[in-house]
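Working notes, beginning with the structure itself.
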Amino acid sequence: MVKSGASTRLSGRNGKAGRARGLSLAALACAAAVFVTAANVRAQEPVEQPVIPDAPGKTEPKVGEPQGGLKVARTLCASCHLIGEPPNSATPADVPSFASIANRPNQSSEKLSNWLVEPHVPMPNLHLTRKEIRDLAAYIMTLRSAK
């Protein structure tokens, strides 16, 4: 009888521990469901445009300014690319001109901007700002030939 009492006591302990473990798993599952729901709600919220740090409340434009892009091109790009103006010096033959980049099939300012965000070999990482990227892409697209 002692044996059966001991086993009853043991099973009683395991039963409580098992119930506690089950409750912990249920609580964990509820927490995970809340997290996933919150993530889905956050993903559906509209994306805000970046705010200009020097002018609180004013957002950055989505369209670049070609004149600003020309300035960037003269400063950072003209040593390797033909930028649409007569070159000041010789440029490498294997580097595409801005006009040829603009005239690639299905080229757009958005595609150029995305490409300029990450440097590609052999192009150096110029650490351009978002505004410089938009402006440079806008300038390059002004060189596109009418078809």
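The values are calculated or read from the model by the stated rules, or taken from the named source; none is laboratory data. This structure is a prediction, so every number in the text was calculated from the model and none was measured. In this analysis, Cβ positions are derived from the backbone assuming ideal geometry, glycine residues included, and neighbour counts consider all displayed protein chains.
Remarks
- Residue match in the stretch 111-120 (condition: outside any helix (DSSP H, G or I), surrounded by 14 or more Cβ atoms within 10 Å (Cβ to Cβ) and either of a type outside the set (Lys, Arg) or at pLDDT below 95 (or both)): no
- Residues that are among the hydroxyl-bearing types (Ser, Thr, Tyr) and in a loop (DSSP other than H, G, I, E, B) were ranked within the stretch 84-110; the one that is nearest to residue 72 (Cα to Cα) is 97.
- Selection of the stretch 124-147 for residues being in contact (Cβ under 8 Å) with a residue 24 or more places away in the chain and assigned to a loop (DSSP other than H, G, I, E, B) yields 126, 128, 143, 144, 145.
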